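K.L.:
Below is the structure I would like to discuss, written out as structure tokens.
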Amino acid sequence: MITTWTKVVSTIVVLVAALPGLAAAETPPGDVSSLTYGTKQPYAQQQDPATYQPPPAGFRPVFTQHVSRHGSRALSSSKYDELALRMWDQAASENALTTLGQQVGDDVRSLRAVTNTLGYGNLTRRGVQEHQGLATRVYQRLPELFDQISAGKEHIAVVTSGKDRAVDSGRVFAQALAKADPAVAASIEPARTDRDLLYFHKNNAQYQNYLDNDPRLAEALRRIVDQPRTHQVANSVLRRIFAPPFVDRLAAGNYDFVATDGTHVTDEVQAARVIYDLYAITPSMSSEGTWQFDRVIDGENAQWLGYLSDAEEFYRKGPAFAGDDITYRMADVLLDDLFAKLEEKRAGTSNLGAEFRFTHAEEIIPLAARMKLPGSTQPTPREQLFTQADNPWRGALVAPMAANIQWDMYQRGSDYIVRMLYNEKQTAFQPGCAPIQPDSTFYRLDELQHCFGRHATS
């Protein structure tokens with residue numbers, strides 16, 4: 001599949017470059033058009049690079065690295081469009097579709113056809129553009145470093161989870177970096193796969209047991225879904241598509257729609273969330289077509305369904321429950337690797353000038369919580385529910401498509417300092433880490449090792 005998709009990516013790259021203004025176009029820094037799409041929110045850089053703090057006098061860049069989520073993609077599987085069409089077909093057989101429902105049904109079929117052509121879970125043109133932009137900006141941010149690399153003295157590593165969308169994100173990124181400076185191309189090492197590093201959630205038995213068996217998780221998700229507001233929103237959404245008696249039968253459990261993968265829809269809340277998943281993916285596919293699911297899900301209904309999506313991500317991958325780090329302590333393997341690359345560079349044992357990693361929301365969200373990044377520091381006591389009124393965690397801000405955490409290291413003599421960009425915004429390290437001076441975004445490597453509880457290697 002990767003071989004076939006390589007041809008698709010190459011075609012997309014050509015198409016993006018050929019469309020006037022599209023390859024260079026970027027969402028304005030800081031603009032997140034809607035928080036209702038959760039972690040399916042397309043990427044937007046969060047700070048204008050022209051406003052970054054410069055490094056102190058005498059420091060030069062010697063290394064950069066990042067961890068990035070794959071770019072915007074198509075639906076990850078066929079269950080959402082498949083289940084939607086099973087509901088539509090049943091409603092049609094009962095003459096229970098509204099006029100809008102008939103139109104939206106056409107949208108589902110169109111979306112399904114496009115996704116089948118693109119490939120489920122594969123990058124969209126927007127996803128390609130996101131990683132092209134990231135690569136171009138990292139080059140523009142650190143020209144002195146890339147001059148050093150292109151002189152043939154250092155190399156660039158590209159590491160992926162091995163999943164197609166991560167592999168292709170890495171490929172697109174590397175191609176854009178080489179385009180920004182053709183002299184750099186020879187320094188880019190062949191991409192390699194490291195599932196233990198970049199797909200660690202699948203290999204962690206304790207975490208998988210938490211997902212499958214933890215009573216706190218099951219209770220919290222049940223309580224959130226069982227709120228009266230959830231049922232009100234589900235009915236409001238579905239009645240725009242289906243006749244009221246059909247929605248009532250759905251709510252009563254009279255239907256059991258089953259996707260090929262075994263996913264069931266047996267009530268109105270599950271049905272509405274299927275429609276939400278179609279609504280949420282379409283911004284990522286905006287270059288492939290136009291689908292107007294916002295005619296069905298809008299305003300406060302979109303906000304509430306987005307909250308349900310965020311709540312599930314929060315409990316399954318984020319800060320989750322107070323006093324327990326089961327959802328994010330597994331990210332230590334990735335945090336350790338970030339530090340190791342800095343330490344090896346300082347020790348003179350590494351020939352890398354840059355390392356770029358491509359992974360998934362299942363890794364970015366725990367890493368953000370482990371690092372106590374903004375919006376990822378507040379867990380919820382078991383007796384309370386996660387709400388957006390008293391917790392800042394938002395999937396669209398923590399881990400949108402192409403979310404990234406970047407560390408740049410600078411050297412002056414024997415002194416090494418580091419700055420962090422989180423979704424390209426200069427960001428302070430966790431509380432307890434002291435910058436080189438008040439209000440600075442630069443930290444000495446020794447200080448970071450100390451405040452993260454690491455031992456210096458040199």
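Bear in mind that the values in this text are calculations on the coordinates, not laboratory data. Small disclaimer: the values here were computed from a predicted structure and weren't measured. Methodologically, a virtual Cβ is constructed for each residue, glycine included, from the backbone with ideal geometry; neighbour enumeration extends over all protein chains shown.
K.L.:
Under a straight-distance cross-link criterion of Cα-Cα below 20 Å, which lysines are reachable from Lys153, leaving out those fewer than 8 residues away in the same chain?
P.N.:
By straight Cα distance, Lys153 reaches Lys179, Lys341, Lys345.
K.L.:
OK, next. Taking a point 7 angstrom from the Cα of Asn95 along the C-beta vector, which residues in the stretch 223-252 have backbone N less than 15 Å away?
P.N.:
The answer is 243-246.
K.L.:
While we're looking at this one, here's another question. Just need the relative contact order of the chain here, percent rounded to a whole number, with Cα pairs under 8 Å and 6+ apart.
P.N.:
Values: 780 pairs, mean separation 122.6, N = 458.
Over the chain, the number comes to 27 percent.
K.L.:
Order the peptides 394-401, 96-103 from the highest to the lowest mean number of other Cβ atoms within 10 Å of their residues.
P.N.:
Details: 394-401: 26.2, 96-103: 16.1.
My ranking of the peptides, most packed first, is 394-401, 96-103.
K.L.:
List every residue whose amide H lies under 5 Å from the amide H of Lys163, counting only residues 5 or more places away in sequence or on a different chain, with H placed 1.01 Å from N in the peptide plane.
P.N.:
For Lys163, no residues qualify.
K.L.:
Turning to a different aspect of this structure: Given the peptides 38-49, 422-433, arrange them by the average over their residues of other C-beta atoms within 10 Å, most packed first. Spell out each step's value before the answer.
P.N.:
Values: 38-49: 21.4, 422-433: 17.5.
Result, highest mean Cβ count within 10 Å first: 38-49, 422-433.
K.L.:
Expressed as cubic angstrom per residue, what is the convex hull volume of the alpha carbon set of the stretch 114-262?
P.N.:
Details: hull volume 30.9 nm³, N = 149.
Value for the stretch 114-262: 207 Å³ per residue.
K.L.:
Follow-up question, since we're still on this one. Using the scaling law 2.2 N^0.38 Å as the reference, what is the normalised Cα Rg of the chain?
P.N.:
On the way: Rg = 23.0 Å, N = 458, 2.2 N^0.38 = 22.6 Å.
In units of the globular-protein estimate, the chain measures up at 1.02.
K.L.:
For an R0 of 30 angstrom, estimate the FRET efficiency from the Cβ-Cβ distance between Gln292 and His231 and round to the nearest 0.05. Mind dumping the intermediate values first?
P.N.:
Details: r = 25 Å, r/R0 = 0.83.
Approximately 0.75, to the nearest 0.05.
K.L.:
Mind checking the full-extension length gain between Thr349 and Gln430? Use 0.36 nm per residue of separation minus the Cα-Cα distance, one decimal, nm.
P.N.:
26.4 nm
K.L.:
Suppose R0 equals 35 Å. What FRET efficiency, 1/(1 + (r/R0)^6) with r the Cβ-Cβ distance, do Leu211 and Ser78 give to the nearest 0.05?
P.N.:
Details: r = 22 Å, r/R0 = 0.64.
Computed FRET efficiency for Leu211 and Ser78 comes out at 0.95.
K.L.:
Pop out the ³J(HN,Hα) list for the stretch 447-452 in order, Karplus 6.51 cos²θ - 1.76 cosθ + 1.60 with θ = phi - 60°, rounded to Hz; leave Gly and Pro as x.
P.N.:
With the stated coefficients, the stretch 447-452 comes to 5, 5, 4, 5, 6, 9 Hz.
K.L.:
Another question, then. Quote the FRET efficiency, to the nearest 0.05, computed for Asn116 versus Cys451 with a Förster distance R0 of 56 Å and r equal to the Cβ-Cβ distance.
P.N.:
FRET efficiency, Asn116 to Cys451: 0.70.
K.L.:
Which value at 222 nm does the chain reach when only helices count, each DSSP H run of 4 or more adding -39,500 (n - 2.57), with the total divided by all residues and rounded to the nearest 500 deg cm²/dmol?
P.N.:
Working: 17 runs with 205 residues, N = 458.
It lands at -14000 deg cm²/dmol.
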